[in-house]
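Some notes on the structure that comes next.
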Amino acid sequence: MQVVHFGAGNIGRGFIGKILAEAGYDIIFVDVNETIINEINVQRHYNVFYAEEEKRSFTVSGVKGLHSVHDEESVIQAITEATLVTTAVGAHILPHVAPVIAKGLIKRVAMTDEPLNVIACENAIGGSDLLKEAIHNHLEEDTTEHIERLIGFPNAAVDRIVPNQSQTNILDVLVEPFFEWVVDKKGIKGQLPPVKDIHFVDQLEAYIERKLFTVNTGHALAAYAGYKAGKKTVQDALNDDTILASIRKGLQETGRLIVEKHGFDASEHNHYIEKILGRFSNPFIIDEVTRVARQPIKKLGYNERLISPVRQLKERNLSADGLIDVIVAALQYDYPEDTEAVELQKKIKEKGVQVAFCEISRLSPEDSITSKVVALYNR
């Protein structure tokens, strides 16, 4: 079995790559980072370390690297021979990897009727849908029918904390022990991939929103509140009782939404929240608030971890005061080494907070959420 995985970063190697290697796949990593690709081809293996007291480690062997630009023909050929294609590049990068994937799929469906699944493992709702749409922009009409018939694009939800790295070997990765990889069973073409650590479900949206509005929203709550209070790490933020109370408040709000919308048991979801807070507090992970808070413009997007739950809570006449607080803290995020933070502060300075917020969030000036955010920001 062969998987072509786009994205040889820490998530790709430390999460997706490790799971697929343990399931028996030979892994071809595709990336634009020439240094990483060269090292993969020289070393042909790397180590994954768990951030825990036991300090478990795992070796992922027999890996190969291809540069997505310089080795394009080899990437295309690898896709024709693959039994699975996955990505972990960041949702905003999916349109950039779509052209070469499209070329590989076009060549593949001309050669074989063997089904293939392409799974985007991104921090986004409907990541595989986004990739599929981008790929279809590069297809001719006569090819589209074959790809619709043979190529599956099941959506996925992925969850694993991978902190900033300080490994001696550039390929080695430190990750938390916990992980979750959930895939939409309905989107699969052919047989389910034989990966025991993938949880195949019929109702993926519930798991995506549970993860996004608990893990990602909770991380944002900790990071922006922590930065505002001068904390260096997420762990420092959670050790502050005032910040911890604000995080719990926000997660209780998203929890009410998740339970009401998707029918999760309330007590089980509260247990899930406590598990997430325990993961954030892991003493073996030093997670800087500036890493977690990075890209504030993205995180304030319409369907993202802050605006989306507030919109949905408003529709149900449920309180979102804790989340409004963190939206304001995100608007105040001014870390000078974060290009999006710099862009955000420039936009606010030039246009005012209301116009800047509306442009980023796609909410109207008349929306009650906008009014609350602007009022609290100005206060």
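Quick check: is even one residue across the stretch 155-178 of a type in the set (A, V, I, L, M), out of contact with any Asp or Glu (no Cβ under 9 Å at 6 or more places or on another chain), open to solvent by 10 Å² or more (accessible area, probe 1.4 Å) and assigned to a loop (DSSP other than H, G, I, E, B)? Within the stretch 155-178 (the criterion being of a type in the set (A, V, I, L, M), out of contact with any Asp or Glu (no Cβ under 9 Å at 6 or more places or on another chain), open to solvent by 10 Å² or more (accessible area, probe 1.4 Å) and assigned to a loop (DSSP other than H, G, I, E, B)), the answer is no, since none of the residues qualifies. The residue that is surrounded by the most Cβ atoms within 10 Å (Cβ to Cβ), among those in the stretch 112-148 that are outside any loop (DSSP other than H, G, I, E, B) and touching a Lys or Arg at 6+ places or on another chain (Cβ under 8 Å), is Val118.
All of (1) touching a Leu at 6+ places or on another chain (Cβ under 9 Å); (2) assigned to a helix (DSSP H, G or I); (3) open to solvent by 10 Å² or more (accessible area, probe 1.4 Å) hold for Phe284 with one exception: (2). For first residues located in the stretch 197-222 and without any contact (Cβ under 8 Å) to a residue 12 or more places away in the chain, partners that are open to solvent by 10 Å² or more (accessible area, probe 1.4 Å) and in a loop (DSSP other than H, G, I, E, B) and lie 6+ apart or on another chain with Cβ distances below 7 Å do not occur. Within the stretch 221-236, is there a residue that is within 15 Å of the chain's Cα centre (by Cα) and not β-branched (Val, Ile, Thr)? No, the conditions are met nowhere in the stretch 221-236. Filtering the stretch 53-81 to residues that are acidic (Asp, Glu) and either crowded, with 17+ Cβ neighbours inside 10 Å or in a loop (DSSP other than H, G, I, E, B) (or both) leaves Glu53, Glu54, Asp71. Exactly one residue out of Ile324, Ile276, Ile258 is within 22 Å of Arg379 (Cα to Cα), touching a residue at least 12 places away in the same chain (Cβ under 8 Å) and in a helix (DSSP H, G or I): that is Ile324. Taken over the stretch 82-98, the criterion of being part of a loop (DSSP other than H, G, I, E, B) and open to solvent by 10 Å² or more (accessible area, probe 1.4 Å) is satisfied by Thr83, Ala88, Val89, Gly90. Filtered by the rule that a residue be surrounded by 14 or more Cβ atoms within 10 Å (Cβ to Cβ) and under 21 Å from the mean Cα position of the chain (by Cα), the stretch 270-281 gives Tyr272, Ile273, Ile276, Leu277, Arg279, Phe280, Ser281. Every condition in (1) touching a residue at least 40 places away in the same chain (Cβ under 8 Å); (2) under 16 Å from Ile119 (Cα atoms); (3) β-branched (Val, Ile, Thr) holds for Val60 except the one numbered (2). Considering the stretch 20-44, and only residues there that are in contact (Cβ under 8 Å) with a residue 60 or more places away in the chain and farther than 19 Å from Ile101 by Cβ, the residue that is surrounded by the most Cβ atoms within 10 Å (Cβ to Cβ) turns out to be Ile40. Taking residues in the stretch 346-371 that are outside any helix (DSSP H, G or I), and partners anywhere that are loosely packed, with under 13 Cβ neighbours inside 10 Å, the pairs with Cβ atoms closer than 6 Å and at least 6 places apart or on different chains are Arg362/Tyr302.
Within the stretch 334-353, the set of residues being in contact with a helix residue (DSSP H, G or I) (Cβ under 6 Å, 6 or more places away or on another chain) and either of a type in the set (D, E, K, R) or open to solvent by less than 50 Å² (accessible area, probe 1.4 Å) (or both) comprises Asp334, Glu340, Ala341, Leu344, Lys347, Ile348, Val353. Scan the stretch 179-196 for residues that are assigned to a loop (DSSP other than H, G, I, E, B), of a type outside the set (Gly, Ala, Ser) and open to solvent by 40 Å² or more (accessible area, probe 1.4 Å) and the total you get is 6. Across the stretch 114-126, which residue is farthest from Trp181 (Cα to Cα) among those that are touching a strand residue (DSSP E or B) at 6+ places or on another chain (Cβ under 7 Å) and touching a residue at least 40 places away in the same chain (Cβ under 8 Å)? In this case the residue turns out to be Pro115.
The values are calculated or read from the model by the stated rules, or taken from the named source; none is laboratory data. Note that the structure is a prediction, hence the values are computed from the model and not measured. We place every Cβ from the backbone using ideal geometry, glycine too, and count neighbours over all the protein chains shown. Calculation scope for accessible area: heavy atoms of the full protein, side chains included, ligands and nucleic acids excluded. Shrake-Rupley method; radii C 1.70, N 1.55, O 1.52, S 1.80 Å.
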